[in-house]
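I have placed the structure first, in the form of structure tokens, so that the comments after it can refer back to it.
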Ligand SMILES: [Zn+2]
């Protein structure tokens, strides 16, 4: 094996399917791409080629090329609206609500409405969990729950 044949990461893809589609284009021009499965908790597949093929691979990929982001710069829950990094975890409101509900139930424990409160509390909590956003962007204040994969 020559020195230039060590594997070089040329692009990162969010899904294996995406990486494979690009890999097929590389194979079509005679290159030998290799996929590196995402490490635990990371959501990307890295496409690598032997060092001697890197230039040809990059040339072919052109605008599709996504340089591998350095590990420390990978975005954690990027904002769906502006792409800003590291949102505030808005889910804390759910935790606070749970604590408030428990406290209210304890306060009502010896009252006549306690059975009703006991029934209402889980319903209230489930509705809240469903309605309250999970994240809030620090930049544009956009709130969201569901992560978009792209
Ligand atoms: Zn934002």
Cross-chain or 6+ apart pairs with Cβ under 7 Å, region 94-117 first and farther than 26 Å from residue 131 by Cα, then surrounded by 10 or more Cβ atoms within 10 Å (Cβ to Cβ) and at pLDDT below 95: none
Within the group 82, 137, which residue is surrounded by 14 or more Cβ atoms within 10 Å (Cβ to Cβ) and within 16 Å of the ligand (Cβ to nearest atom)? 137
May I ask you to verify whether residue 63 is away from the ligand (no atom under 16 Å from the Cβ), more than 17 Å from the chain's Cα centre (by Cα) and at pLDDT below 85? yes
Select from region 105-139 the residues that are touching a helix residue (DSSP H, G or I) at 6+ places or on another chain (Cβ under 7 Å) and more than 30 Å from residue 76 (Cβ to Cβ) and list them in ascending order. 105, 108, 114, 117, 118, 121, 124
Going residue by residue through region 123-132, is there one that turns out to be over 30 Å from residue 17 (Cβ atoms), at pLDDT below 90 and not in a helix (DSSP H, G or I)? yes
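The values are calculated or read from the model by the stated rules, or taken from the named source; none is laboratory data. If you're wondering where the values come from, they're calculated on a predicted model, not measured in any experiment. Backbone-built Cβ (ideal geometry, glycine too); neighbour counts: all protein chains shown.
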